[in-house]
Amino acid sequence: MPGDEKAKGPASYFPSIEKTYGKPVRHWLKLLDSLQDKKHMEQVADLKSEHKMGHGHANALVAYHRAQSKAPSSRHAPVVPRVQLAGSDGV
């Protein structure tokens with residue numbers, strides 16, 4: 001089915017990030033906008049220390065954000081596959 005694609009790469013972490021930290025991915029991408037002057041690992045360290053995020057989740061968000069920043073017209077219109085979480089009503 002076309003709508004049931006599995007996310008690949010950093011985006012594969014997004015459903016878990018949203019479930020674990022209770023905020024949408026868009027929130028974290030906007031937060032990373034304010035950290036653009038920092039290097040990749042400095043951004044990861046900030047998410048880990050300031051927001052108690054695990055390394056894998058922080059790294060996935062930073063990698064995705066940096067890749068989107070390099071793509072011309074895709075700023076904050078993330079193509080995030082909607083994966084329905086167990087127990088979710090899909091809203």
Among the residues of the stretch 1-46, how many are of a type in the set (Gly, Ala, Ser), over 18 Å from Gln68 (Cβ atoms), at pLDDT below 95 and not in a helix (DSSP H, G or I)?
-> 0
The number of residues in the stretch 47-58 that are touching a helix residue (DSSP H, G or I) at 6+ places or on another chain (Cβ under 8 Å) and either part of a loop (DSSP other than H, G, I, E, B) or free of Cβ contacts under 8 Å to residues at least 40 places away in the same chain (or both) is 7
Residue that is farthest from His27 (Cα to Cα) [pool: residues in the stretch 47-69 that are modelled with pLDDT of 95 or more and touching a Lys or Arg at 6+ places or on another chain (Cβ under 7 Å)] = His55
In the stretch 1-52, what residues are of a type in the set (Lys, Arg) and surrounded by 15 or more Cβ atoms within 10 Å (Cβ to Cβ)?
-> Lys48
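The values are calculated or read from the model by the stated rules, or taken from the named source; none is laboratory data. A quick note: this is a predicted structure, and the numbers were derived from the prediction, not measured. When we count neighbours, we look across all protein chains shown, and the Cβ atoms used for this are built from the backbone with ideal geometry, even at glycine.
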